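Values in this text are rule-based calculations from the coordinates and carry no lab data. In this text the structure is predicted, and so the values were computed from the model without any measurement. Ideal geometry is used to build each Cβ from the backbone, glycine not excepted, and the neighbour counts take in all protein chains shown.
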Amino acid sequence: MILFKHALKHSFAQPVNILVIFILPFAALFIPFEVGGLPFGLSFYGLFNLFSAFLLSRLIVEDRSNKIIIRISSAPISYFQYLGSYLLAFLLILVIQNTIFTLATYFYWGDVVLNYGLLLILYLLYSIMTISFSLCWNSFFRAYNISFALFTGVASVMCLISGVSIPLQVFPGSIRSKVMILPTYWLPSGLVAIYNGKIIDVIFSYIVLLVYGGILLLLGSKRRY
Amino acid sequence: MLKKPFKIRPEMIYLLIMVIQLLLLLSVIWPVFNSTVFLLYLIIVFSMVLRWRIPIKPGYMLIDQTIFILISFFYPTVMFYLFIFAYYFSYKKKLLYLLPTILVGIMIPTGIIYYVLILQAIFSGIILYLWERESNTNKEIIDHLRQHIYELESLQSRLLSEYQYTEQISRLTERQRIAEILHDNLGHELTAAHLSLKAYKALLDSGQLNRAEETFIKAQERLENGLKQLKESVSHLEPVYETGLDKLKYLCESFIYPVYFTHKGDLLKLKTYIWQLILMSVKEALTNIAKYARPDMVNISLEVTDYIARLVIENDGLKNSEIRQDEMQGKGLRYMRRRLEAINGSLSIQIEDTFKLIIIIPIPSGR
């Protein structure tokens, strides 16, 4: 619980976190509709969510680079508790972000989305995936700056070609079927399924996001000093 | 801090080949890529990553394999996923678990590529398994050798430290022994011969030739006897035992707490090595008392019978300290026990109101 609170306090203490997590994503609300679909901001929000998760995971990298992780490993606390507390704190912040964004969407766009519950679950699972992705990504780097620099480029391109930053309809069908290999693809895919009311496809997106989250979490949770 | 040298291990190569196998699978399913194929691919990746991170019995992988086999009856593309399981099972030396995969290959004909994938997976898995087995055997041998070296080193250092002490004791004992032999045997004879020769000269001067000749013959006999005794003494040199007792008394007197020492029986029966053991044991015990206990009294008693020497070192320091028995079973006592056991002796500890160390040393009969 101490680490959980510490992670929350540390995350909220950074002004840039507040800006990226709680202010910037709401700019996505004002992006207009896709042609024959949902407001594009709902998909574009995925980019902010991804960067939010990455900024939050900075604490874990800093713990490693400042050798705090070595001190924690000698404390009477397991690595599982340590990582679990941090990740839960990050998830809580992103859940708050998702909830506020979903509510804001409801109030701004009204009944454009048929089922806001499905949307919230989609965002929740997407957040789990983004946190795991950030954890996994950061586990390959010792310094946060290098990690961030590379992540900015890779995440932007990933969001661009997976339909988060640009509507999926822009891409030809052959490419669209291949970009599903990217984890971010499953947010716009789920959004389209929600818009079309195809529950099976929505659940499919949920499962893929969850499996992706699991894989990335398992890869990223390996203890590194 | 010393950096560990990088060494390629079989499990690292296993992971690398697993990644290659998964990429190979991706390339195989790429032409028919769709969301279902991709989800199944993700599930198999998840399954493998889970087993990499968390040790799960290979038997549980049969559940995953069965699910994929069942799906492959309705969706033959999924058959190509099975070689990942073949690789896993081969590496884990569970070749029997591959039977369903082979049977499915017979039941659903898919072409040569299926068998090629399965064969390469089995082959690489078995090779890695053999490598790992050899590596583990080598590790065990190295660990065993390291432990052996460590034990030898500690024993060597112990022996070296004891060697100096033994040498000192031996030298003093030898010196004392020679001095006594010279005094007890040769000294008397030489003195008597010297006096006889003086008497001979006095008798010669007084003109008593007969008596002088008798005295001279006696002096000659004394000298011959002395010479004989010298030869006997040299050939039957015996150690002097009192040195050990002196040393023991000195240890008791110089200890920081008052020590009451008693002895019973014929101490002359104790050979030098027994004295040495007794002294070592007393020294170790007194050091332990000084370290761990705060006694009001320390009793040392040495009892010698025809067959054994019984040394009891007792102190009442336990009631004043919280030291437990297991804490007192340190290296010193362990080494002491080992030394005693080497000569068929024994060491036992009794903890009641007092802490009692009882040492029994057998005395070999005859010379």
**Study point:** Size of charge dipole - the protein assembly as shown - debye, nearest 20, with Cβ of Lys, Arg +1 and Asp, Glu -1, no other charges
**Key:** 1440 debye
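Let me make sure I get this right: for region B:31-133, a, b and c are the square roots of the gyration tensor eigenvalues over alpha carbons, sorted descending. Under 1.5 in a/c it's rounded, otherwise prolate if a/b > b/c, else oblate. Which is it?
Here region B:31-133 falls in the oblate category.
Are there DSSP H segments in chain B that both extend 20 Å or more along their axis (alpha-carbon positions) and score a mean Kyte-Doolittle hydropathy of at least 0.0? List them, or say none.
Answer set is B:10-29, B:35-53, B:61-74, B:188-206, B:272-292.
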Revision key, fill the gap. Mean Cβ-within-10 Å packing, highest first, puts peptides B:72-81, A:84-93, B:144-153, B:206-215 in the order A:84-93, B:72-81, B:206-215, B:144-153
**Study point:** Contact order relative to length of chain B, as percent, for alpha carbon pairs under 8 angstrom and 6 or more apart
**Key:** 9 percent
Point to revise | Global form of region A:2-220, assessed from the alpha-carbon gyration tensor, a/c cut-off 1.5 | key: prolate
Exercise for review: Could you work out the mean count of beta carbons from other protein chains within 10 Å of each residue's beta carbon in A:200-209?
Suggested key: 1
Study note, to complete from the structure: The residues A:57, B:196, B:346, A:74, sorted from fewest to most surrounding Cβ atoms within 10 Å, come out as A:74, B:346, B:196, A:57
Practice item. Averaging sequence separations of C-alpha pairs under 8 Å and six or more residues apart, then dividing by the length of region A:1-104, give the relative contact order as a whole percent. Key: 39 percent
Point to revise | Mean separation of Cα contacts under 8 Å (6+ apart) over length of chain A, as relative contact order % | key: 27 percent
Check your understanding: Taking every DSSP beta bridge that has both residues in the protein assembly as shown, what percent is antiparallel when rounded to the nearest 5?
Key -> 80 percent
Point to revise | Sequence-distant residues sharing a close amide H with residue B:308 (under 5 Å, placed H) | key: B:363
Practice item. For chain A, set up a Gaussian network in which alpha carbons nearer than 10 Å are linked by springs, and say which option among A:137, A:109, A:186 fluctuates the most. Key: A:109
**Study point:** Label-point separation in nm, residue A:62 to residue B:232, each point 7 Å along Cα→Cβ
**Key:** 9.6 nm
Review point. In debye, nearest 20: dipole of region A:31-186 around its Cα centre with unit charges on the Cβ of K, R (+) and D, E (-)?
Key: 500 debye
Point to revise | DSSP-assigned coil residues among trypsin sites (Lys or Arg not before Pro) in region A:24-120, each with at most 14 further Cβ atoms within 10 Å | key: A:67
Practice item. Just report the Cα centroid separation between region B:102-151 and region B:332-367, whole Å. Key: 52 Å
Check your understanding: Scattering from the C-alpha atoms of region B:242-362 alone, worked out with Debye: what is log10 I(q)/I(0) at q = 0.19 1/Å?
Key -> -1.02
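Across the residues of A:168-180, average count of Cβ atoms on other protein chains within 10 Å? Kindly include the intermediate steps, with their values, before the conclusion.
Values: counts 0, 0, 0, 0, 0, 0, 0, 0, 0, 4, 3, 0, 6.
For this peptide, the per-residue mean of nearby foreign Cβ atoms is 1.
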Point to revise | Shielding by partners, peptide B:36-45 (average Cβ within 10 angstrom, other chains) | key: 4
Check your understanding: If each of residue B:62 and residue B:296 carries a label point 7 Å out from its Cα toward its Cβ, how far apart are those two points in nm?
Key -> 7.1 nm
Revision key, fill the gap. Answer in debye to the nearest 20: the dipole magnitude of region B:1-155 about its Cα centre, from +1 Lys/Arg and -1 Asp/Glu charges placed on Cβ, is 180 debye
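In chain A, which whole DSSP H runs stretch at least 27 Å along their own axis (Cα) and average 1.0 or higher on the Kyte-Doolittle scale?
TM-like helix candidates: A:79-109, A:116-138, A:199-220.
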